[in-house]
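Heads up: the structure comes next, in structure tokens.
Derivation of every value follows stated rules applied to the coordinates shown; laboratory data play no part. All values derive from a computational prediction rather than experimental measurement. A quick note on method: Cβ atoms are made from the backbone with ideal geometry, for glycine too, and the neighbour counts reach across all protein chains shown.
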Amino acid sequence: MRILDRMERDGWIVRESDPDDRRKKLIRSTEKVAPIWNTILSVGNNVRSDATKGLTKTQQKQLRELLEVVVGNLKPTPEKQ
């Protein structure tokens, strides 16, 4: 079963028709997700804080910029496929 199907089954999301394009579905989270989402955000913030401990704001900015380049290098391109 696909992830979105499971999330819908468990009441985490609802799928709605797009009023502008009937082929599309809009995905909205439900109130059931709020406590889980808050936990995810908290954990993510703690990981980010641990990962960047001891780095200046300038170094953190430089790290983000370098990682964006790395991610861009790893994205599939026609010549890599």
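Some values worked out for this structure:
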item: Per-residue ³J(HN,Hα) for segment 38-50, Karplus 6.51 cos²θ - 1.76 cosθ + 1.60, θ = phi - 60°, Hz, x for Gly and Pro; result: 4, 5, 4, 4, 5, 4, x, 5, 5, 5, 4, 4, 5
item: Residues in segment 21-50 reached by a label modelled at Arg15 [backbone nitrogen below 18 Å; 7 Å Cα→Cβ]; result: 21-30
item: Assigned charges on the beta-carbon of Lys, Arg, Asp, Glu; segment 3-72 dipole about Cα centre (debye); result: 120 debye
item: Tilt relative to the chain, helix 57-74 - C-alpha long axis, 0 to 90 degrees, to 10; result: 60 degrees
item: The chain, helix-only ellipticity at 222 nm - DSSP H runs n ≥ 4, -39,500 (n - 2.57), divided by all residues, nearest 500; result: -17000 deg cm²/dmol
item: P(r), alpha carbons of the chain - 10 Å bins starting at zero, rounded %; result: 14, 23, 26, 32, 6, 0
item: Estimated FRET transfer efficiency (Asp50, Glu8; beta-carbon r; R0 22 Å; 0.05); result: 0.05
